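Chemist: This is the structure I have questions about; it appears just below.
The values are calculated or read from the model by the stated rules, or taken from the named source; none is laboratory data. What you see is a predicted model, and the numbers here were worked out from it, not measured in a lab. Reconstructed Cβ throughout: ideal geometry from the backbone, glycine too, with neighbour counts over all protein chains shown. Side chains are part of the model used for accessible areas, which takes the heavy atoms of the whole protein and leaves out ligands, DNA and RNA. Shrake-Rupley method; radii C 1.70, N 1.55, O 1.52, S 1.80 Å.
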Amino acid sequence: MATIEEPQSRSSWYFAVALACLLVAAPCPAQETSAFAAATAAFEAGDYRRALSLFETARANGSDGAPLHYNIGVCQYRVGDYVAAAATFASVRDRFPPFAAVAEYNRGLALSALNDRNAARAAFERARADDALAGLADGALARLGPADAPRSRWVGYFDVGAGHDDNVALVDELSLPATVSASTSFTELVGYAGGRVGQRGRLSFSGYSVRYADASQFNQTALRVDTAFGWSPGDWRLEAGPHFAETLLDGDGFERALGVGLRAIRPITERVAFDLRLVYDDIDAPSSQFAFIDGTRQRLRLGLESRGAQSRIRVGYEIETNDRAAASVSPDRDRLVLNLQRGAGQWSLEGTLAYRQSDYDDLAAPRHERLTEIGAAARRNLPKGWLFGLEYRSSDNDSNITQFSYRSHRVSLSVGKGF
């Protein structure tokens, strides 16, 4: 057994072989020995896909030694699945301490192939602490060249768009007064800026403004400020802090929220992470005409996210409870969402499917709603950091009260820039 690249000294080779021998604590059953031998023969013949299949078959049949997992990682690298290889070598590093250095070196090679230079550099630095791998790690570090310049502590973007919404009121069109239009064109502006404050703090500002050509009573402007303090106990990443948000509806103060949030993230594998969020908001209306929304809101969000070299898959579930002045704005809600993102050259594609149920049980005539949302977006990178976007969103809300059943379709074009 060797590292992915041939060692520059025979001592490294013997070091790896010696580790493999020490970790074979008991003889393998004959069928596993045969399968392992067949996989090794396929590897030596350069048939890495067959070797990978045979090694994975051995694992599925109950084999669980360090050499097996190590060889799976080498095969994954050879067939070009660098994300999987990095994850496998990370697992070998964590589960089999005697293999930690050589696994970390190979993980660095996989990260280099993914062009994750800073993570690769950190892996090689850890591997070079082992005398037997110091020469290999030094060579890999030299090939990486100087460390990437640190990123700016602050990032941001703005986005200007225009489009059409055929039901901005989000109610059954037949329930609207004859003088009110539900279908209208719109323009919108979205912006964000955020960055680190000190070693563990984060501060961000976000806002948007949308203007409807034929339904100005639904014009909205919103501003939000978030702060968070982060720390990392063990494998967890935790963030907590207050936030403030205010929304205007046609220029009048509609909603003001002061709240606090807690977020916990824990990686499950190299590519998959678990995400939990708790949010509490105290809400009041700056304008007395909207006093019926005063009250509190609590949300719990659970999510799983898988990231690849050019893709991301996220599944989320959210529970929301409200205790407002009016029962008509105090639903209990559950929402399930699936989001897919994929890079394709200069383009990035995104698809979203969401389902939400809302129950207004405190009304004299309880109302129940079931909302299905479908979204699709395509974005293209333009020169000098500009970005072009096309987005479509469809909503279908079914309610036991006819007035609140509706369908809507929204399409927009936008141009933005990051900084």
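Chemist: Just checking, which of 274, 229 is open to solvent by 70 Å² or more (accessible area, probe 1.4 Å), part of a strand (DSSP E or B), touching a Gly at 6+ places or on another chain (Cβ under 8 Å) and farther than 21 Å from residue 329 by Cα?
Modeler: Working: 274 fails: open to solvent by 70 Å² or more (accessible area, probe 1.4 Å).
Criteria check complete, one pass: 229.
Chemist: Are there any pairs, at least 6 apart or on different chains, whose C-beta atoms fall under 7 Å, with the first in region 192-220 and closer than 12 Å to residue 169 by Cα and the second assigned to a strand (DSSP E or B) and aliphatic (A, V, I, L, M), and if so, which?
Modeler: Note: pairs meeting the criteria are 219/210.
Chemist: Does residue 85 satisfy being among the aliphatic types (A, V, I, L, M) and without any contact (Cβ under 8 Å) to a residue 24 or more places away in the chain? If you could, list the steps in order and put the result at the bottom.
Modeler: Working: among the aliphatic types (A, V, I, L, M): yes; without any contact (Cβ under 8 Å) to a residue 24 or more places away in the chain: no.
Spelling it out, it is not the case that residue 85 is among the aliphatic types (A, V, I, L, M) and without any contact (Cβ under 8 Å) to a residue 24 or more places away in the chain.
Chemist: Taking region 342-371 only, how many residues are more than 19 Å from residue 302 (Cα to Cα), open to solvent by 40 Å² or more (accessible area, probe 1.4 Å), of a type outside the set (Asp, Glu) and in a strand (DSSP E or B)? Let's see the steps before the verdict.
Modeler: Just the residues of region 342-371 that are more than 19 Å from residue 302 (Cα to Cα), to begin with: 342-351, 359-371.
If we keep only those that are open to solvent by 40 Å² or more (accessible area, probe 1.4 Å) as well, we get 342, 344-350, 361-366, 368, 370.
After this cut, where a residue has to be of a type outside the set (Asp, Glu) as well, the list is 342, 344-349, 363-366, 368, 370.
Now drop any that are not in a strand (DSSP E or B), which leaves 342, 344, 347-349, 368, 370.
The qualifying residues number 7.
Chemist: Contact list please: Cβ distance under 8 Å, first residue in region 270-284 and at positive phi, second residue part of a loop (DSSP other than H, G, I, E, B), pairs at least six apart or on different chains.
Modeler: From residues that are at positive phi, there are no pairs.
Chemist: Residues of region 37-73 being under 24 Å from residue 111 (Cβ atoms) and open to solvent by 50 Å² or more (accessible area, probe 1.4 Å), which ones?
Modeler: Correct list: 43, 48, 49, 56, 59.
Chemist: Within region 87-125, can you find the residues that are more than 14 Å from residue 71 (Cα to Cα), basic (Lys, Arg) and surrounded by 18 or more Cβ atoms within 10 Å (Cβ to Cβ)?
Modeler: If the condition is that a residue be more than 14 Å from residue 71 (Cα to Cα), basic (Lys, Arg) and surrounded by 18 or more Cβ atoms within 10 Å (Cβ to Cβ), then 121 is the only one that fits.
Chemist: Check off (1) modelled with pLDDT under 95; (2) under 27 Å from residue 412 (Cα atoms) for residue 189 and give me the number that stays unchecked.
Modeler: Of the numbered conditions (1) modelled with pLDDT under 95; (2) under 27 Å from residue 412 (Cα atoms), the odd one out for residue 189 is (1).
Chemist: Identify the residue in region 215-229 that is small (Gly, Ala, Ser) and more than 12 Å from residue 203 (Cβ to Cβ) and, among all such residues, is nearest to the chain's Cα centre (by Cα). Quick ask: steps written out before the conclusion?
Modeler: Keep residues of region 215-229 that are small (Gly, Ala, Ser), which gives 215-216, 222, 228.
Adding the requirement that they be more than 12 Å from residue 203 (Cβ to Cβ) leaves 215-216, 222.
Values: 215: 35, 216: 35, 222: 25 Å.
Here the residue is 222.
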